[in-house]
Amino acid sequence: MLSNYFTPSDVAEHCTRTDCWVSYLGKVHDLTGVIRENEPRLVEVLVRNAGSDISHWFDTETRDIKLRPDPISGLPQPWRPDGMPLLHLWTPEPSLRPVDEVDTPWWRETHHCVGTLT
């Protein structure tokens, strides 16, 4: 029977592009499908952090990616883990590329959650 509770060591066993688990904000998430279904450039930071805890990416009150002031404008912008692009993050700069709009970003999708971190 599959346990709903996982240790950091359990999560660390799922550390590849084809088997990617991460933990954040006390939960364990299987992001393998997110990686498989999206542009590699936008999920590479997830692959690089596979098998680890990424709670430091998130604001614990809003449960969204942390915002940081832009060094030039001072306006809030999403913090980019490792300075890399990340799926479902908006960019403050004007762009000719279509906006990656989704109703629910991957970090709020509950169906990726496989259990609780212990």
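Determine whether S55 is of a type in the set (S, T, Y) and either surrounded by 13 or more Cβ atoms within 10 Å (Cβ to Cβ) or modelled with pLDDT of 95 or more (or both).
Answer is yes for this residue.
Under 8 Å by Cβ, and 6 or more places apart or on different chains, what pairs join a residue from segment 59-76 that is without any contact (Cβ under 8 Å) to a residue 24 or more places away in the chain with one that is of a type in the set (S, T, N, Q) and in a loop (DSSP other than H, G, I, E, B)?
No pair meets every condition.
Take R68 and decide whether it is in a loop (DSSP other than H, G, I, E, B), modelled with pLDDT under 95 and among the charged types (D, E, K, R).
Criteria not met by R68.
Check off (1) modelled with pLDDT under 95; (2) crowded, with 17+ Cβ neighbours inside 10 Å; (3) of a type outside the set (D, E) for V22 and give me the number that stays unchecked.
For V22, the failing item is (1).
Scan segment 41-57 for residues that are out of contact with any helix residue (DSSP H, G or I) (no Cβ under 8 Å at 6 or more places or on another chain) and in a helix (DSSP H, G or I) and jot them down.
R41, L42, E44, S55, H56, listed by residue number.
When the residues of segment 30-52 are filtered to those that are without any contact (Cβ under 8 Å) to a residue 24 or more places away in the chain and open to solvent by less than 70 Å² (accessible area, probe 1.4 Å), which remaining residue is farthest from D19 (Cα to Cα)?
Out of the qualifying residues, it is I35.
The values are calculated or read from the model by the stated rules, or taken from the named source; none is laboratory data. This structure is a prediction, so every number in the text was calculated from the model and none was measured. All Cβ positions, even for glycine, are placed from backbone atoms using ideal geometry, and neighbour counts span all protein chains on display. Accessible surface is based on the protein model in full, side chains and every heavy atom, while ligands, DNA and RNA are left aside. Shrake-Rupley method; radii C 1.70, N 1.55, O 1.52, S 1.80 Å.
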